[in-house]
Amino acid sequence: MLAYDIINKTKRGTALTEEELRFFVSGVVDGSVTDAQAAAWLMAVCMNGLSPQETSALTMAMRDSGDVLDLSAIAGVKVDKHSTGGVGDKTSLILAPIVAACGGRMPKMSGRGLGHTGGTIDKLESIPGFSTDIGFDRFVETVNKAGFAIVAQSGHLVPADKKLYALRDHTATVDSIPLICSSIMSKKLATGADAILLDVKMGSGAFMKTEADAVRLGEAMVETARHVGRQCRAVVTDMDAPLGFCIGNAIEVEEAVQVLRGEVGGTLGQLCLDLAAHALSMSDFGTTEECRKTALSAVESGAALERFAQMIDLQGGDAAITEDPSRLPQPKYSHVVRAARSGSLSTLHSEEIGLAAMSLGAGRVNKGDSLDLSAGIRLHCERGTRLSEGDAIATLYSSSVTDFSAAEQRVKNAVLLTDSAPQVHSTVRCVVE
Ligand code: URA
């Protein structure tokens, strides 16, 4: 078998066999397929796509390129949730304790942020003492005790994705549905959960700019999971505007605590209850409607916040931040951005807001960059809010940047104020199952 022939087949739109995909993926990992060959094949996939059968076979070949976790030491249905990446997306920090408080089990491996999107691991590392590298046995023990644990993905999972993703990043081949699907699903399948809940983002801050593309990605991922006998649902959600009011690291943990304290009336709280309802119903706790009520009760009773504190404690962090968020890293400097005119906030472009937060030190330009965990943005308005000239749009925070002009400009670019009120859509656009 030759990598050359495999590239040629995909270039001509001829389907690859499972054997050919396994040969290619293992060659990418051991170096016998060169970077040039891998990049050429990725571009052929971008142009011609892959069939559902090829996408599933690629996913499984990638999953098997490294360790596959055995979570059988955790009792009950293990449900994992994955978001395709967004701005202000702290749903895992809220959803997992809610699911745990209702009796569900959520062992989670998460990633770090890059560019305009944040990462759950960076957010958690803003909690003093918190460790996201606790080893497999302690991970299992934490899930068995608290109902959930959140750790950084181990270096031995899906090495094929690390190589392919780095090449995609350099060759403009990220935005291909079969490649995104196999990248995400290989990692989810390697982490061993029984059920997978996907939050597929659509809009300005997401990979998928339109609802139609987000649905196509959701369908591809659900179908791939089904091929390999896993339960899977994809909830397509809006990422045209940031999720919630806070963007950064410590500031997002603070907002998560607020929601767990019962402030569930806003977009973020409602989305977390919806996602919790899906996660619980996939774990056999009832219908989605019944599970939503159970999830709400877990917040109202304080049980979900208690679970969050318990998990923080078990992972070595300062659980008192759930009572006193001022124990989180605090910024040295701040700056308020004000409305230049009166009007209704009709656009709040999330990618621009994410890039503004990044420029304050909250995000990474390059992999491996260090972060200012106190940096971020607090929005004072959401889509539909009526503002008068001079009203505060956002407060910018940083301990590493004193000149706020670049970030201020980005926030101003992100905002469109109009005379008429905009149409505001619900965050959940549709569910694919
Ligand atoms: N997230 C991933 O893990 N992989 C992709 O290809 C895109 C988003």
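Laboratory data are not the source of any read-out in this text; all were calculated from the coordinates shown. Everything quoted here is computed from the prediction, not taken from an experiment. Positions of Cβ are generated from backbone atoms using ideal geometry, with glycine treated the same way; all protein chains shown enter the neighbour counts.
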Take the alpha carbon atoms of segment 311-433, find their radius of gyration, then divide it by 2.2 N^0.38 Å using N residues; give the quotient. 1.25
Based on alpha-carbon atoms only, what is the radius of gyration of segment 1-130 relative to the globular estimate 2.2 N^0.38 Å? 1.37
Flagged as over-length at 27 Å C-alpha distance, from LYS201/LYS332; LYS9/LYS367; LYS108/LYS162; LYS162/LYS412; LYS108/LYS332, the pairs are LYS201/LYS332; LYS9/LYS367; LYS162/LYS412; LYS108/LYS332
On a 0 to 90° scale, report how tilted helix 405-414 is relative to the longest principal axis of the chain, with both axes built from alpha carbons and the result rounded to the nearest 10. 80
Ordering of 154-163, 200-209 by packing [mean C-beta count within 10 Å, highest first]: 200-209, 154-163
Directionally averaged shadow of segment 297-371, computed from the convex hull of its alpha-carbon atoms, nm²: 8.8
At 10 °C and 1.306 mPa s, the Stokes-Einstein diffusion coefficient in µm²/s for the chain, with hydrodynamic radius from the Kirkwood sum on alpha carbon pairs, is 72
Between 0 and 90 degrees, rounded to the nearest ten: what's the tilt of helix 3-12 against the longest Cα principal axis of the chain? 70
Beta carbons within 10 angstrom, averaged per residue: use that to sort the peptides 139-146, 285-292, highest first. 139-146, 285-292
Compute the helix-to-body angle for 177-190: its Cα long axis versus the longest principal axis of the chain, expressed 0 to 90° and rounded to tens. 90
When only alpha-carbon atoms are used, what values of Rg and Dmax, in angstrom, describe segment 14-61? 10.3, 27
Globularity index of segment 191-310, i.e. its alpha-carbon radius of gyration over 2.2 N^0.38 Å: 1.14
Over all viewing directions the Cα convex hull of segment 240-369 casts an average projected area in nm² of 10.9
Excluding LYS188 itself, what net charge comes from residues whose Cβ is under 10 Å from its Cβ, given Lys and Arg +1 and Asp and Glu -1? +3
Could you give the distance between the Cα centres of segment 412-426 and segment 249-315, to the whole Å? 29
Could you go through segment 53-64 in sequence order and give the Karplus-derived ³J(HN,Hα) for each residue, using 6.51 cos²θ - 1.76 cosθ + 1.60 with θ = phi - 60°, rounded to whole Hz, and x for Gly and Pro? 5, 5, 4, 5, 5, 4, 4, 5, 5, 5, 3, 7
Non-local residues with an amide H under 5 Å from the amide H of LEU387, with H modelled 1.01 Å from N and Pro and chain starts lacking one, are GLY343, SER344, LEU345
Tell me, what HN-Hα J-couplings in whole Hz come from the Karplus equation 6.51 cos²θ - 1.76 cosθ + 1.60 at θ = phi - 60° for each residue of segment 386-395, using x for Gly and Pro? 8, 10, 9, 3, x, 5, 6, 8, 7, 10
Value of [θ]222 nm, deg cm²/dmol, for the chain, DSSP H segments ≥ 4, -39500 (n - 2.57) each, nearest 500: -13500 deg cm²/dmol
Segment 56-132: equivalent-ellipsoid semi-axes (sqrt of 5 x gyration tensor eigenvalues, Cα, Å): 23, 20, 13
Distance histogram for segment 141-215 (every C-alpha pair counted, 10 angstrom bins, percent rounded to whole numbers): 15, 40, 33, 11, 1
Using the Kirkwood formula over every pair of different C-alpha atoms, what hydrodynamic radius in Å results for segment 26-86? 14.6
Could you go through segment 265-277 in sequence order and give the Karplus-derived ³J(HN,Hα) for each residue, using 6.51 cos²θ - 1.76 cosθ + 1.60 with θ = phi - 60°, rounded to whole Hz, and x for Gly and Pro? x, x, 4, 5, x, 5, 5, 4, 5, 4, 5, 4, 4
